[in-house]
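For reference, the structure I am asking about is given below.
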Amino acid sequence: MLRIAVAQLNPIMGDIAGNLTKARAARVEAARMKANLILFTELFISGYPPEDLVLKPSFLAACEKAVRALASDTADGGPGVIIGTPLSRESGLHNSIAVLDGGEIIAERFKVDLPNYGEFDEKRVFQAGPMPGPVNFRGVRIGIPICEDIWGELGVAETLAESGAEILLVPNGSPYHRAKMDRRHQVVLKQVIETELPMVYANQVGGQDELVFDGGSFAFNTDRSLCLQMPQFEEQITLTVWRRENDGWRCDEGEKANLPEGLEADYSACMLGLRDYVNKNGFKDVVLGLSGGIDSAICAALGVDALGKDRVRCIMLPYRYTSDESLKDAADCAKALGVRYDIVPISAPVEGFLEALHPLFEGTESGVTEENLQSRARGTILMAVSNKFGSMVVTTGNKSEMSVGYATLYGDMNGGFNPIKDVYKMQVYAMSEWRNSHVPNGALGPSGDVIPHNIISKAPSAELRENQTDQDSLPPYPVLDDILECLVENEMSNTEIAKRGHPLETVQRIEHLLYLAEYKRRQSAPGVKITKKNFGRDRRYPITNRFRDR
C-alpha cells in the first residue's frame, strides 16, 4: 500500500520562507493522514511562474536552502516529499522537482518540455532537462513528468513507462481558461492509455498577477476511471490510497468534487484573481467608481465577493450628464452589496480644467477632448483616495472596450487591477444575471440581486454628453463581441469574418480600432485571464503597425 497526499495549495511568488512554512504545515497534515508521500506542485518553493526572478543568484540560493531545510525535516521518518523548485546545476538552470526522504534530497528531476507559447515563456530562463528515469521511493518506481512534459510531443511519460515507472505523479502550474478542465482530463487520459500507468495530476491554486491557477487536481487509474477529483479555486490536501495489484497499482475511489462550469467558473476565476492580487500585494482594501453602469456594478460585486463588504469602497462621481437613473442605480447597487458609498461631484475640477484650457482651446468646437476631461477628473479623484488611504483602485473596463480603445487613458483606465479585463461585454451581462441568482463557492458577498435589474436592462452609456449611448460609436455589442472574438482569439481574416454575416466595412473598422488601441492596452492595469488569448501575456502585437487586412 502507498498513501500519497496531494497538496493543492496557494504559494506566494517570491515568499520562499512563507512557502516553506506552508509546505511544512502541509507535511504535518499529511503525517496526520498517515501518508507515505506528499506531492506538491510545480515550482512551489519559488512560486510559479517566476519569470526573471530565477536569474538572481540570491533567489536561487534561497530556494535551494529552503528545499534542503525541508529535506532535513524528513529525517523524522514521516512522509517523503516531492516539491517543485528552480535549481541551478552544471547543466544549466532548470525547472525542477526535488524528492526528499530520510533527511536528504534523494533525487532531482528536470522539466524536459519547456512551453514557450501564450502565457508561458520558460525557454527565456530555463534549460531543458534530459529525459528522466523513474525515482525509487521506498521500493516504488515513480515517474515524475512536470506539467508540459505530458502535454507536448516529446514522449516523456512514455519514456518513464519504458524505464520501469509504476505510477506517474505530475506536478503542475496550469492556469485557468474557459473549458480547460476538460482539456486536462483529455491529455491525462491519453497518457494513461499510452503508458498503461495510473496518473496523478496535481495543480496549484491561486492568483499570480494576470494568471489564476484553478487547482482541480485529479487522478486516473489505468482502466481510465477517474478515482480523484479535487475542487477548483480552493486549497485542499487530499489523501489517495494506492494498492499494488497483479496488473500494477490502483488508487482507491476518492473524493469526486463537483466542478463549476461556464459562467460560474469564469466568475470564480475573476473573484480569486482579484482577491489574491489585493492580498498578496498588501492592499488593505479597494476603491472604485460606481457609475450606475453594469461594468462597475459587477466589479463592485466581485470586490465584495472576493474581499468582503468592509474592504470595498464605492464612489459615485456625477457630472451634469449623469442621469437621475444612474444615481439611483448606483445607490441601489451599493446598498445591495452593503458597501461604503460616497458621492463626489466632479463639476468643480472639470470646470477648472475647462477654464484653465480656455486660452488654448478658444475658437475650437467642444468634443471628445472635453468629454475625456470628465473621465480624467474621476480618475484623479479615485487615485487621490488611493494615495490618501492606501486603497487599490479597481478599474472596470471590459474586453470589448479594451479591444477597440473605448476607454480614456489616465481616466477610467486608472487603477491597479481589472477583474473583467478579459470578459467581453455580453459576457459581463451574462455573469451579472448569473450572480444575481447564485452565490459562488467561497464568496463573501450576499445572496440575491446584488446588481439591480435596471442596470442590466438599460442601454449602456458613458454619460459624457447628452443622450449618449455606446452604440453611437460602436456596433451593437453582440456584433462587436463576435467580430472581436474572431479577430483576437481566432486570428481570422476579415473576409472570413464577413462570411459570418457581418458587413466587411464594419469588420475592417473594428480591426483598425483594435490595432490602433494597442498603445492604450500597453498602459492598462493587469487583469484576470479567462480566455485562451488575453491581452498582454497571450496576444502580443506591436504598437507601431501599419498592417491592415484588406
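Helix 16-32 against the longest principal axis of the chain: what's the angle in degrees, Cα atoms only, rounded to the nearest 10?
50
Something else now. Note down the magnitude of the dipole of the chain about its Cα centre, charges +1 on Lys and Arg C-beta and -1 on Asp and Glu C-beta and zero elsewhere, to the nearest 20 debye. Don't jump to the answer; show the numbers that get you there.
Values: 60 positive and 75 negative charges, 201 e Å.
It works out to roughly 960 debye.
Is the C-alpha gyration tensor of the range 32-88 telling us rounded, prolate or oblate? Criteria: a/c under 1.5 is rounded; beyond that, a/b larger than b/c is prolate, otherwise oblate.
oblate
Then there's this: What does the range 70-153 give for Rg and for Dmax, in Å, if only its C-alpha atoms count?
Considering the range 70-153 through its Cα atoms, Rg and Dmax are 13.8, 43 Å.
How many nm is it between the label spots at LEU409 and ASP342, if each spot is 7 Å from the Cα in line with the beta carbon?
Output for this residue pair reads 2.9 nm.
At a 10 angstrom cut-off on C-beta neighbours, averaged per residue, how do the peptides 400-412, 447-459, 199-211 rank from highest to lowest?
The peptides rank, most packed first, as 199-211, 400-412, 447-459.
Would you mind checking the tilt of helix 347-361 against the longest principal axis of the Cα atoms of the chain, expressed as 0 to 90 degrees and rounded to 10?
It is inclined by approximately 70 degrees.
Name the residues of the range 357-385 whose amide N is less than 20 Å from a point 7 angstrom out from the Cα of SER473 along the C-beta direction?
Under cut-off, by backbone N: 365-382.
For the range 373-445 and the range 335-367, what is the centre-to-centre distance using only Cα atoms, to the nearest Å?
Each part reduced to its Cα centre gives a spacing of 19 Å.
Okay, moving on. Relative contact order for the range 2-254 using alpha-carbon pairs under 8 Å, separation at least 6, rounded to a whole percent? Let's see the in-between values first.
Working: 600 pairs, mean separation 48.3, N = 253.
With pairs under 8 Å counted, the relative contact order is 19 percent.
Using the Karplus curve 6.51 cos²θ - 1.76 cosθ + 1.60 with θ = phi - 60°, what ³J(HN,Hα) values do you get for each residue of the range 524-538, in whole Hz, with x for Gly and Pro?
8, 5, x, x, 5, 8, 10, 9, 5, 9, 8, 7, x, 6, 9
List the residues, sorted by chain then number, that are 5 or more residues from GLY216 or on another chain and whose placed amide H is less than 5 Å from its amide H.
Those qualifying (amide H under 5 Å, at least 5 residues apart or on another chain) are GLN232, PHE233, GLU234.
Could you pull out the GluC sites (Glu not before Pro) across the range 407-474 that fall in loop regions by DSSP (anything but H, G, I, E, B) with no more than 13 other Cβ atoms inside 10 Å?
GLU466
Only Lys, Arg, Asp and Glu count, each charged at its Cβ (+1, +1, -1, -1), so figure out the dipole size of the range 1-95 about its Cα centre, rounded to 20 debye.
Working: 10 positive and 9 negative charges, 75 e Å.
Dipole of the range 1-95, to the nearest 20 debye: 360 debye.
Same structure again: Treat each spin label as a single point 7 Å out from the Cα along the C-beta direction, and report the VAL368 to ILE12 distance in nm.
Here the modelled spin labels are 4.3 nm apart.
Okay, next question. Roughly speaking, what is the centre-to-centre gap between the range 250-316 and the range 125-161 when only Cα atoms are used, to the nearest Å?
Each part reduced to its Cα centre gives a spacing of 36 Å.
If each DSSP helix of 4+ residues adds -39,500 (n - 2.57) and the sum is divided by the residues in the chain, what number results at 222 nm, nearest 500 deg cm²/dmol?
Estimated from H runs of four or more residues: -11000 deg cm²/dmol.
Same structure again: Calculate how steeply helix 262-280 sits against the longest principal axis of the alpha-carbon atoms of the chain, using the helix alpha-carbon long axis, and give the answer as 0 to 90 degrees to the nearest 10.
90
Right, something else. Which of rounded, prolate or oblate describes the range 2-254 when judged by the alpha-carbon gyration tensor and an a/c cut-off of 1.5?
Judged from the Cα gyration tensor, the range 2-254 comes out rounded (a/c under 1.5).
While we're looking at this one, here's another question. Taking +1 at the Cβ of each Lys and Arg and -1 at the Cβ of each Asp and Glu, which of THR240, ALA179, GLY77 sits farthest along the dipole of the range 2-254 towards its positive end, judged by Cα position relative to the Cα centre?
So the residue we want is GLY77.
Continuing with the same structure: Can you tell me, using C-alpha contacts under 8 Å and at least 6 residues apart, the relative contact order of the range 263-522 as a whole percent?
Across the range 263-522, relative contact order equals 22 percent.
Another question about this same structure. Tell me which residues come under 5 Å, amide H to amide H, from GLY308 once H is placed; ignore anything under 5 positions away on its chain.
HN-HN under 5 Å from GLY308: LEU444.
Output the pairs from LYS284/LYS529; LYS328/LYS388; LYS284/LYS335; LYS123/LYS280; LYS421/LYS532 with a Cα-Cα distance over 25 Å in this structure; if there are none, say none.
LYS328/LYS388; LYS123/LYS280
Could you work out how far apart the two model spin labels at SER437 and ARG141 are, taking each label as a point 7 Å from the Cα in the direction of the beta carbon, and quote it in nm?
The two pseudo-label positions are separated by 5.5 nm.
Can you order the peptides 361-371, 308-318 by their average number of other Cβ atoms within 10 Å per residue, highest first?
Ranking the peptides 361-371, 308-318 by packing returns 308-318, 361-371.
Considering only THR469, TYR48, PRO318, whose Cα is most displaced toward the positive end of the charge dipole of the chain, charges sitting on Cβ of Lys, Arg (+1) and Asp, Glu (-1)?
TYR48
Placing +1 on the Cβ of each Lys and Arg and -1 on the Cβ of each Asp and Glu in the range 188-235, which of PRO231, MET199, SER217 has its Cα farthest towards the positive end of the resulting dipole?
Result: MET199.
Related question: Take every Cα pair under 8 Å in the chain that's 6+ residues apart, average their separations, divide by the length, and report that relative contact order as a whole percent. It would help to have the intermediate numbers written out before the result.
Values: 1142 pairs, mean separation 62.6, N = 550.
Relative contact order of the chain: 11 percent.
HN-Hα J couplings of the range 202-212 from phi, Karplus 6.51/-1.76/1.60, θ = phi - 60°, integer Hz, Gly and Pro as x?
9, 10, 6, 10, x, x, 9, 6, 6, 8, 10
Using +1 on the beta carbon of Lys and Arg, -1 on that of Asp and Glu, and nothing else charged, what's the dipole of the range 466-538 about the Cα centre, debye to 20?
400
A further question follows. Going by average Cβ neighbours within 10 Å, how do the peptides 274-285, 492-503 rank, with the highest at the top? Kindly include the intermediate steps, with their values, before the conclusion.
Working: 274-285: 18.9, 492-503: 14.8.
With the highest mean Cβ count within 10 Å placed first, the list reads 274-285, 492-503.
Summing Lys, Arg as +1 and Asp, Glu as -1, what charge do residues with Cβ under 14 Å from the Cβ of ASP332 carry, ASP332 excluded?
Residues near ASP332 contribute -1 overall.
Any chance you could run the full-extension gain for GLU194 through GLU235? It's 0.36 nm times the residue separation minus the Cα-Cα distance, nm to one decimal.
Separation in residues times 0.36 nm, less the Cα-Cα distance, equals 11.7 nm.
With a cap of 12 neighbouring Cβ atoms within 10 Å, and only residues DSSP puts in a loop, list the GluC sites (Glu not before Pro) found in the range 1-98.
Passing both the DSSP loop test and the Cβ count: GLU90.
Does the range 263-522 come out rounded, prolate or oblate, given a ≥ b ≥ c as the square roots of the eigenvalues of its C-alpha gyration tensor, rounded meaning a/c under 1.5 and, failing that, prolate meaning a/b above b/c?
Oblate is the answer for the range 263-522, as a/c is 1.5 or above yet b/c matches or exceeds a/b.
What FRET efficiency, computed as 1/(1 + (r/R0)^6) with R0 = 56 Å and r the Cβ-Cβ distance, is obtained for ALA25 and ASN454, rounded to the nearest 0.05? Could you put the intermediate results ahead of the total?
Numbers: r = 48 Å, r/R0 = 0.85.
Plugging the Cβ-Cβ distance into 1/(1 + (r/R0)^6) gives 0.70.
Can you run phi through the Karplus equation (6.51, -1.76, 1.60; θ = phi - 60°) for the range 474-488 and list ³J(HN,Hα) in whole Hz, with x for Gly and Pro?
Taking θ as phi minus 60°, the curve returns 10, x, x, 4, x, 6, 4, 5, 5, 4, 5, 4, 5, 6, 8 Hz for the range 474-488.
Quick note: the coordinates plus some simple rules give every number you see, no bench work behind them. Note that the coordinates shown come from a computational prediction; the quantities given were computed from them, not determined experimentally. Neighbour counts run over all protein chains shown; Cβ positions are idealised from the backbone, glycine included.
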